[in-house]
1. Please state which of the following conditions Ala153 fails to meet, knowing it meets all the rest: (1) at pLDDT 90 or above; (2) out of contact with any Gly (no Cβ under 9 Å at 6 or more places or on another chain); (3) open to solvent by less than 40 Å² (accessible area, probe 1.4 Å).
2. What pairs come out if I take residues in region 93-114 that are under 16 Å from Asp156 (Cα atoms) and pair them with residues that are surrounded by fewer than 18 Cβ atoms within 10 Å (Cβ to Cβ) and of a type outside the set (A, V, I, L, M, F, W, C) whose C-beta lies under 7 Å away, six or more apart or interchain?
3. In region 76-89, which residues are open to solvent by 20 Å² or more (accessible area, probe 1.4 Å), touching a Gly at 6+ places or on another chain (Cβ under 9 Å) and not hydrophobic (A, V, I, L, M, F, W, C)?
4. Report, by residue number, each residue of region 117-140 that is surrounded by fewer than 19 Cβ atoms within 10 Å (Cβ to Cβ) and in a loop (DSSP other than H, G, I, E, B).
5. I'd like the residue in region 39-72 that is within 17 Å of Gly22 (Cα to Cα) and assigned to a loop (DSSP other than H, G, I, E, B) and, out of all such residues, is least open to solvent (accessible area, probe 1.4 Å).
6. Is it the case that Val98 is open to solvent by 50 Å² or more (accessible area, probe 1.4 Å), of a type in the set (A, V, I, L, M, F, W, C) and either more than 28 Å from Ala115 (Cα to Cα) or modelled with pLDDT of 95 or more (or both)?
7. So Lys75 fits all but one of (1) in a helix (DSSP H, G or I); (2) touching an Asp or Glu at 6+ places or on another chain (Cβ under 8 Å); what number is the exception?
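The values are calculated or read from the model by the stated rules, or taken from the named source; none is laboratory data. Just so it is clear, the structure is predicted and the values come from calculations on it, not from any experiment. All Cβ positions, glycine included, derive from the backbone under ideal geometry; neighbour counts span all protein chains shown. Accessible surface is based on the protein model in full, side chains and every heavy atom, while ligands, DNA and RNA are left aside. Shrake-Rupley method; radii C 1.70, N 1.55, O 1.52, S 1.80 Å.
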Amino acid sequence: MTEDSEALARFREEAIEWAVGGRGQEIVDAAAMALAEGLDSPSLRVLAGAPHSTADEEAAELAPLAFRELGLDVKQRLSPEAFVDGARQEAQRLLDGVITERELARRLAPFCVSAGYPRELSTWIGLDDYYDLIESGVINASPSVLDKDVLAAAEDLVNHRQGRPATIASILQASATESPPRKSWLSRILRRR
């Protein structure tokens, strides 16, 4: 990968983060860094010089122009497509070892809602809640069982495949062979009385 293509890839990552709701100042800073790394376009130069006080407004106007001038396919800000691209980028971060399965599930839960529950993100609906249910003892399972489902779903998302959503039944079934039984959440509640 050449220096220009690496700089373009870094700027694209920042562009996608901005498209899913990032602050204007962050894309302004990314534009300045891209210029320093050798990327150039008329709108990129103006965006990089935007004052902090008007960064959000300047970014809304100039960022899409800079993306087009640089040949970047960045979806319209806050569109369902932008959230799907943002989810793919986050899933890639898991596969690269930057974040954990639990962090990915927590980050993608609001993406599903904000995007209007698109088909591409249907696998992620509920995964964050399943972790909460396991951690609180409501579901008698090991988080490692869910980690495997999240990793598989991340691979599917990055590779544009539609996976099967994890269900409580699948988590319990997989957990039965992996972890010893724990006291049920109901027995703990009754014992407190």
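1. Just one mismatch for Ala153, condition (2).
2. Leu95/Glu155; Glu101/Asp147
3. Arg77, Pro80
4. Within region 117-140, Tyr117, Pro118, Ile125, Gly126, Ser136, Gly137, Val138, Asn140 meet the criteria.
5. Going through the qualifying residues, I end up with Ala50.
6. Yes.
7. (1)
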